[in-house]
Structure formats: C-alpha cells, structure tokens
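Enquirer: Sharing a structure below in structure tokens format, with a few things to ask.
The values are calculated or read from the model by the stated rules, or taken from the named source; none is laboratory data. From a predicted model like this one, the values you see are computed outputs, not experimental measurements. In case anyone asks, the SASA skips ligands and DNA or RNA and just uses the protein heavy atoms, side chains included. Shrake-Rupley method; radii C 1.70, N 1.55, O 1.52, S 1.80 Å.
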Amino acid sequence: MRVLNYLELASQLDRSGIGTATDQQRAALETTDVDVVTSPWPDSPRAVVSRFANGEGIFADYDIAHCNLIGPGSVAVARHAKRNDIPLVLHAHVTREDFAESFRGSTAVAPALGRYLKWFYSQADLVLCPSEYTKGVLESYPVDAPIRPMSNGVDTEALEGHETLRDEYREKYDMDGMAVFAVGSVFERKGLTMFCELARETDYDFTWFGTYDTGPHGSKTVKYWVNNHPENVTFTGWVDDIRGAYGAGDVYLFPTKNENQGLVVLEAMACGKAVVLRDIPVFEEFYTHGHDCLKCSTKAEFKRALDLLARDPELRARLGENAKATAAEHSLDRVGERLVEAYEDVQTGAPER
C-alpha cells in the first residue's frame, strides 16, 4: 500500500502541533508495511515535465491520499483524488474553535473558516481527528463524511535525554525553585493572560518556551504580554532543543481555552512532569484530576494548585509518574496500527468503525 502523507507548508509548521502530529504519523508508519510518500508531486521539475509530456499528469503515484492541512495544496490533492477514485483521508487538525484567539484577526475570521471547513472535510472518504471532542465539533458544522477519532500519540524516543539538559536550560533562562512552564507558540487561546496573571500573583519562576509574533500577524494580547510581562515571566522565543524545556521545568501549566487534544500535554506527561490543566471538555477523555494531573477552572483554583504542588514534592512526583503511564497509552506503535486500519477501511469502502 502506497500512501501520500502530505503536509503543505511543512517548513513553516516545524514544531507546530500540526507539524509534530504529521511527523509522528510518519514515524508510526515506519513500523508498518505502508510505503509513505510525503509530496503529491514528483521529486524534481524534470520528472513533472516528463510525466506531463507523457500524458501521465503531474501528480505522483499513490493508492491513498492523506492530507494534514486545509490550504490550496490540500484542495488540489483532494480534487485529484476524487477525479481519480483515490481514497481520500483528511485529518482535522484545524477547527473553527481552535483557530480563534490565535493570530491577529483570527477570531473575526473563524465563522467563515467554519463554513470552509464544512465544505473541505465533507469531501473525504474518512475524516480523522484527535479526539471524541473534535468529532463532536465537526458533527456540529455538520461535516458530511465518516469521522474517526484517533490520538496524535507522543514520540517518547524524541524526548529521551531531556533530564541531561536540565542544568543548562535552567541556568540559561534563570530558572530557580519549582519552575512553572509552558511549551509551544504563544497565543491567547493557550491561556497566555492566565499564565501571566498567575505569575504576577505568585513568586514562582514562569517560563514559556516557544515562538511569539509581535509583527503584523501578532495579536494585541500577545504583543502586550511579551512587552509588559511580570518580572518572573520569561518568553524564550525559539529554543534549539525542545527537550531542554521539559528538562528544566517542574510543573507544566496549560490554561488553554480550546484544544483538539494538546500534544504538548502528552509530551510533558511522557517526561514525568506534574501537569496543571484548564478543565475543558477535551481533557475529560484523556486525563483524570488527582491521578495524572490537576484540573482547574478559575484563577484561584490554578493558584491553589501551584501552591499545593510547591508544598508537596511527593504529590508532584506521584502525578508525574502516573502521567508517564498515561502517555505510554498513546505510543506511536498504537498510532501506526490505527492508521493502517483506517487506510485499509477506506480502500475497502468501509470507513465506519
């Protein structure tokens, strides 16, 4: 079975949630019999010209098309698949809800995006999405295609050795005591204001490892907090080795407002970190308050959770160990198995399962 696993704008999405999820799909498929191609077009301009001259068309050869984004390249792949009876799998990493409060103007654009996504995803023979929560969101549009939840998984091998970077990264970013941290692009949707307000009302070191945009695309909220952050908050920008973030931090704080799954949570858990989450519906599927995380709804609850973890290192350790076991349930081996099942089902015309 030859499968196109396609991510347009791949170089710009390096280390983004979508980019990481796509990399993990490909890593998971390496352990299977699936032959993966990553571009819908031949690998050189000469090959494209040759195929066109021979009447073969400009697309590469594959049995199944699997797209991970929603832009013009993915639309072209979808149209080609439908014209040529190639089974089409579309991965719903983007929803109207999680696009809001990301970039400047994203909230205003979100309703129109929802209408586009309804049309785009409805072309699929099978829509994959990271969670039951996301499936419900897509059904509410409604998307007219079979929808199957599938965890993005977590690449534990890529995180190995994070402990060895602890001292280097704590010294580099002046982190002391119980270090509270976040990982990923800096967006208000990720709970930026809550993160900074909690820092302002406590004495812990807060560090956000990830890029931020203060240019034309940056939101007013991001610009405000990056330029007016509390003294105990550090925004690192790009870091060379993301393992250093998980090595240096002690408590992963994620007051996000909306997620389709939250890959960074699984990464923090895989590294044995105590995790404090906003109590939103998607996390009900995966995590249990008091067992592998602490869940909070208000700023007062978040503050109490941080203070509790600061007073009780044994609780931090217990939550971290349980979190590590939870992350193990999302191994890439399982992701690979489920992807193969999905591909086989669309080939046989039986995507419902």
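Enquirer: If contacts are Cα pairs under 8 angstrom and at least 6 residues apart, what is the relative contact order of the chain in percent?
Expert: RCO, the chain: 17 percent.
Enquirer: If you stretched the chain out fully between ARG115 and ALA350, how much longer would it get, using 0.36 nm times the residue separation minus the C-alpha to C-alpha distance?
Expert: So the extension gain works out to 81.9 nm.
Enquirer: Taking the solvent-accessible surface of protein heavy atoms with a 1.4 Å probe, what is the per residue accessible area of the stretch 96-210 in Å²?
Expert: Averaged over the residues of the stretch 96-210, the accessible area is 43 Å².
Enquirer: Suppose the chain between SER140 and ASN228 were pulled fully straight at 0.36 nm per residue; how much longer would it get relative to their current alpha carbon spacing?
Expert: Taking SER140 through ASN228 to full extension adds about 27.8 nm, to one decimal.
Enquirer: So with the 1.4 Å probe, I'd like the accessible area per residue for the stretch 217-328, rounded to whole Å².
Expert: Value returned for the stretch 217-328: 40 Å² of accessible area per residue.
Enquirer: Same structure, new question: Using a cut-off of 29 Å between alpha-carbon atoms, which lysines can reach LYS295, once sequence neighbours fewer than 8 places away in the same chain are excluded?
Expert: Within reach: LYS135, LYS190, LYS220, LYS223, LYS257, LYS273, LYS303, LYS324.
Enquirer: Pop out the carbon and sulfur fraction of the accessible area of the chain as a percent, whole number, probe 1.4 Å.
Expert: Values: 7560 of 15800 Å².
Percent of accessible area from carbon and sulfur atoms in the chain: 48.
Enquirer: Give the ranking of TRP208, TRP119, TRP41 by solvent-accessible surface, highest area first, calculated with a 1.4 Å probe.
Expert: Greatest to least solvent exposure: TRP119, TRP41, TRP208.
Enquirer: On to the next question. Only Cα pairs under 8 Å and at least 6 apart count here; give the relative contact order of the stretch 110-181 as a rounded whole percent.
Expert: Working: 52 pairs, mean separation 19.8, N = 72.
It comes to 27 percent, rounded to a whole number.
Enquirer: Then there is this: Students often forget the sequence filter, so: which lysines lie under 18 Å Cα-Cα from LYS82 once same-chain residues fewer than 8 apart are removed?
Expert: Within the straight-line limit of under 18 Å, LYS82 reaches these lysines: LYS118.
Enquirer: Okay, next question. Tell me, what HN-Hα J-couplings in whole Hz come from the Karplus equation 6.51 cos²θ - 1.76 cosθ + 1.60 at θ = phi - 60° for each residue of the stretch 214-227, using x for Gly and Pro?
Expert: 10, x, x, 8, x, 6, 4, 5, 4, 4, 4, 6, 5, 8
Enquirer: Let me ask something additional. I need the semi-axes of the equivalent ellipsoid of the chain: take the C-alpha gyration tensor, multiply each eigenvalue by 5, square-root it, list largest first in whole angstrom.
Expert: Taking √(5λ) for each Cα gyration eigenvalue gives 37, 21, 20 Å.
Enquirer: Now a separate question. Run lengths n ≥ 4 of DSSP H only: what is the helix-derived mean residue ellipticity at 222 nm for the chain, with -39500 (n - 2.57) per run over all residues, to the nearest 500?
Expert: Dividing the helical sum by the residues of the chain leaves -13000 deg cm²/dmol.
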